[in-house]
Amino acid sequence: MPSHPAPALPRPAPPFPPRLREGRAGPGRAGAAALSAMSLPPAPPVTEQVRRAPAAPSPEAAELREASRCLVADGEGRRVPFAALYGEQKAIVVFVRSFLCYTCKEYVEDLAKVPRSYLQEANVRLIVIGQSSYHHIKPFCSLTGYTHEMYVDPQREIYKTLGMKRGEGNNLPVQSPHVKSSAFLGSIKSMWRAMTGPAFDFQGDPAQQGGTLILGPGNEVHFLHLDKNRLDHVPINTVLQLAGVKTVNFTNKPQIIDI
């Protein structure tokens, strides 16, 4: 019987997938990745937590350490380090522009409505700092009805260190809920107070802006807001809530209690 040639056996499969189309520069990215993935052993499982480098101290903390050494004066002219105001107790610290500024006057008038019992219950101090001579503290407290703590930073050292700006920034339309007078009427009131007060005493730099901080105990910054202009006040109830103090009804309307 005639012999027939044995059928050809199929060739064994190559150990790697067919080479992908190559250009002049060599294999493509997909092909190289496939070859590399099949040629390397599987990665061992992750058994350690990734450690991150410790975060650098915030600029606010560094600036506060510098400002803490500056001196402020009370209504009697006694000077104490700024750090003494919040070193042992949390404090709301409000920096105002000028004691002649009508917006500052009306804002402090509402700060005066915060009951002392609310602050004592939360163990929080409420402090206003101006930038005039200490001689203006008592008249300003009498004018606004403010009975909480007030100090001055006559050389504006703390203002400068904490980065509070000078000049008006009108980029964002803002309106303080605590300012009742219009700009025209308020400016007239400020001018009248300046004219009836000591000559050439503006009770601070009229271009200086203020700010609000919640500090302490120690060099801990809980909240920082730098005013962009004279109306850029933080609502007082917002600050009270952030400091853990009960809020205040600043309107004359009775509060509605749901039963």
Inset, instruction - Please identify the pairs in which a residue from the range 213-238 that is on the phi < 0 side of the Ramachandran plot and free of Cβ contacts under 8 Å to residues at least 40 places away in the same chain has its Cβ atom under 6 Å from the Cβ atom of a residue that is surrounded by 16 or more Cβ atoms within 10 Å (Cβ to Cβ) and part of a strand (DSSP E or B), counting only partners at least 6 apart or on another chain. - result: PHE223/ILE214; HIS225/GLY211; HIS225/THR212; VAL234/THR212; VAL234/HIS225
Inset, instruction - Please specify each residue of the range 66-84 satisfying the condition of being within 19 Å of the chain's Cα centre (by Cα) and outside any loop (DSSP other than H, G, I, E, B). - result: GLU66, ALA67, PHE82, ALA83
Inset, instruction - Specify the residue that is surrounded by the fewest Cβ atoms within 10 Å (Cβ to Cβ); the eligible residues are those in the range 81-95 that are in contact (Cβ under 8 Å) with a residue 24 or more places away in the chain and of a type in the set (A, V, I, L, M). - result: ALA83
Inset, instruction - Check CYS104 against each of (1) of a type outside the set (Gly, Ala, Ser); (2) part of a strand (DSSP E or B); (3) open to solvent by less than 10 Å² (accessible area, probe 1.4 Å) and name the one condition it does not meet. - result: (2)
Inset, instruction - Kindly indicate which of TYR118, TYR107 is at pLDDT 50 or above, farther than 30 Å from LYS160 by Cβ and out of contact with any strand residue (DSSP E or B) (no Cβ under 6 Å at 6 or more places or on another chain). - result: TYR118
Legend entry - Residues within the range 108-118 that are touching a residue at least 24 places away in the same chain (Cβ under 8 Å) and open to solvent by 10 Å² or more (accessible area, probe 1.4 Å), tallied: 6
Inset, instruction - Kindly indicate whether any position in the range 180-191 is at pLDDT 55 or above, within 26 Å of ARG116 (Cβ to Cβ) and either assigned to a loop (DSSP other than H, G, I, E, B) or touching a helix residue (DSSP H, G or I) at 6+ places or on another chain (Cβ under 7 Å) (or both). - result: yes
Inset, instruction - Output yes when any residue across the range 212-234 is modelled with pLDDT under 70, in a loop (DSSP other than H, G, I, E, B) and either within 23 Å of GLY75 (Cβ to Cβ) or open to solvent by 30 Å² or more (accessible area, probe 1.4 Å) (or both), and no when none is. - result: no
Inset, instruction - Output yes when any residue across the range 203-210 is crowded, with 16+ Cβ neighbours inside 10 Å, touching a helix residue (DSSP H, G or I) at 6+ places or on another chain (Cβ under 7 Å), among the small types (Gly, Ala, Ser) and at pLDDT below 85, and no when none is. - result: no
Legend entry - Residue tally, condition out of contact with any helix residue (DSSP H, G or I) (no Cβ under 6 Å at 6 or more places or on another chain), within 19 Å of ASN249 (Cβ to Cβ) and surrounded by 19 or more Cβ atoms within 10 Å (Cβ to Cβ), over the range 119-144: 1
Legend entry - Selection from the range 145-161 of residues that are assigned to a loop (DSSP other than H, G, I, E, B), under 19 Å from ILE92 (Cβ atoms) and either open to solvent by 10 Å² or more (accessible area, probe 1.4 Å) or of a type in the set (Ser, Thr, Tyr) (or both): GLY145, TYR146, THR147, HIS148
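The values are calculated or read from the model by the stated rules, or taken from the named source; none is laboratory data. What you see is a predicted model, and the numbers here were worked out from it, not measured in a lab. With ideal geometry, Cβ positions are generated from the backbone for all residues, glycine too; neighbour counts draw on all protein chains shown. Just the protein is used for accessible areas: all its heavy atoms, side chains included, with ligands, DNA and RNA removed. Shrake-Rupley method; radii C 1.70, N 1.55, O 1.52, S 1.80 Å.
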